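Here's the structure, in structure tokens; my notes come after.
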């Protein structure tokens, strides 16, 4: 059984997109997703995205990290799917219904409202999410007092002097799997460089370091706004490029940036099942 796919990326955060709007696909098990995502023996991607019919939105978007685990939301993937479908579209996700539409700067996505209550992150126990009283040791200090925010998936945001000075490959998986985050967490290290500019690197839960993370950019911008470090619209620059994040008076987040089709192809399902 041959299955068509579209390889896409948003600022280098890359996806294998499977379109099941007209024809259902066999079940996507953790093993199948991980095999397809493998960069040596599969197609290779940070996330696999499945588009399906929905009863509550135009379409349903399911997102799987490269380890095979399904996650609630992915901003870059939403822009990719918005580009692929075209026009203004509503998408059902595990994190809620989100909207995508064309914009002169690429694809604009209404990411919904951020959540800050410790139970909504979720955290293992009650604490201040604006400055969590926790920390993790580094070789030359401590990564501490993050902001916790849920933007469809959970994020911990650390503000540092230099985002590239942090050994994110070493500390990211430790924080991701810390018991204080019962559903694991995405780890963001950010440096505010101006009232409208942030430099960001992200360790994504279940995927590792990626060139860009849309929900991470949203979470980091909101965290900086809550702390009064930046204005209500900010450009977040990641290794793969920049996203514009705005938090309006209705408490909704808009993320705007590019998405790109890399190539199309097909594979034999039996090679990965």
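Structure above, values below:
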item	result
Only listed residue being out of contact with any helix residue (DSSP H, G or I) (no Cβ under 6 Å at 6 or more places or on another chain) and loosely packed, with under 14 Cβ neighbours inside 10 Å, chosen from 252, 195, 226	195
Qualifying positions in segment 238-265 - in a strand (DSSP E or B) and farther than 21 Å from residue 195 by Cα	260, 261, 262, 263, 264, 265
Residues satisfying the stated conditions in segment 23-50, i.e. in contact with a strand residue (DSSP E or B) (Cβ under 7 Å, 6 or more places away or on another chain) and more than 23 Å from residue 211 (Cα to Cα)	25, 28
Segment 81-138, residues that are farther than 21 Å from residue 175 by Cα, touching a residue at least 60 places away in the same chain (Cβ under 8 Å), part of a loop (DSSP other than H, G, I, E, B) and more than 18 Å from the chain's Cα centre (by Cα)	105
Checklist (1) surrounded by 24 or more Cβ atoms within 10 Å (Cβ to Cβ); (2) touching a helix residue (DSSP H, G or I) at 6+ places or on another chain (Cβ under 9 Å); (3) closer than 21 Å to residue 77 by Cβ applied to residue 234, failing item	(3)
Flag if residue 139 is more than 29 Å from residue 79 (Cα to Cα), surrounded by fewer than 23 Cβ atoms within 10 Å (Cβ to Cβ) and out of contact with any strand residue (DSSP E or B) (no Cβ under 7 Å at 6 or more places or on another chain)	yes
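To keep it simple, each residue is scored yes or no on (1) assigned by TED's automatic domain parsing to the domain that holds residue 21; (2) surrounded by fewer than 19 Cβ atoms within 10 Å (Cβ to Cβ); (3) at negative phi.
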{"position": "92", "(1), (2), (3)": "yes, no, yes"}
{"position": "97", "(1), (2), (3)": "yes, yes, yes"}
{"position": "100", "(1), (2), (3)": "yes, no, yes"}
{"position": "109", "(1), (2), (3)": "no, no, yes"}
{"position": "112", "(1), (2), (3)": "no, no, no"}
{"position": "117", "(1), (2), (3)": "no, yes, yes"}
{"position": "121", "(1), (2), (3)": "no, no, yes"}
{"position": "129", "(1), (2), (3)": "no, no, yes"}
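The values are calculated or read from the model by the stated rules, or taken from the named source; none is laboratory data. The model shown is predicted, which means the values in this text are computed figures rather than measured ones. Cβ sites come from the backbone with ideal geometry, for glycine too, and all protein chains shown count toward neighbours.
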